[in-house]
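Colleague: Sending over a structure as structure tokens; questions will come in a sec.
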Amino acid sequence: MLVNRFPKMAALQKFRAIKLGYPEEEAEAIGIAEALKYAIFKRLAHSEKRYREVEERKKRKEIKHLDWEKYKLFKLASYKGHPYVAGKIETSEDYKKSVFWRFGEEGGEKIEEWAREIIKNTPESYLKDEQKFFREVWIPNRDYPINV
């Protein structure tokens, strides 16, 4: 079975976050949140402004404020210190469900090894710039076939 783009994006973003200094569990949460954000962007025609508006509308009433500073580099909202996308907090467990539980331990390891190698050779300036990361890292690698 070929791996689709969603877990690839999650793994790339995880290793991007690790290389930028985030601890592994937080990087996994960022990875899955970024993959969800990109899926939302695709539906909203890549509009960051519309994305923020949708996120603010989706938040539960008890949530008074989303922090847009903690994950500013990723253009992600944060709630209580965790990535927040599509009306919910994303965690390391969510990442594991998409990458490991779905494709098994061996499949998850293949996906992560693919992502780790790409990020290892990626200039820091691309890691810190959402547009450069998308154009120079994601687009050239997203359709690489990973068979699990």
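Colleague: Would you mind getting me the FRET efficiency between ASP129 and LEU2? Use the beta-carbon distance for r and R0 = 30 Å, nearest 0.05.
Modeller: Values: r = 29 Å, r/R0 = 0.98.
The computed FRET efficiency comes out at 0.55.
Colleague: Find the accessible area per residue for region 63-123; the probe is 1.4 Å, ligands and nucleic acids are left out, and the unit is Å².
Modeller: That works out to 52 Å² per residue.
Colleague: If the limit is 24 Å between Cα atoms, which of LYS14/LYS120; LYS80/LYS132; LYS80/LYS120; LYS70/LYS110; LYS19/LYS110 go over it?
Modeller: As for pairs spanning more than 24 Å Cα to Cα, those are LYS80/LYS132; LYS80/LYS120; LYS70/LYS110.
The values are calculated or read from the model by the stated rules, or taken from the named source; none is laboratory data. Note that the structure is predicted; figures quoted are calculated from it, not measured. Ideal geometry is used to build each Cβ from the backbone, glycine not excepted, and the neighbour counts take in all protein chains shown. Calculation scope for accessible area: heavy atoms of the full protein, side chains included, ligands and nucleic acids excluded. Shrake-Rupley method; radii C 1.70, N 1.55, O 1.52, S 1.80 Å.
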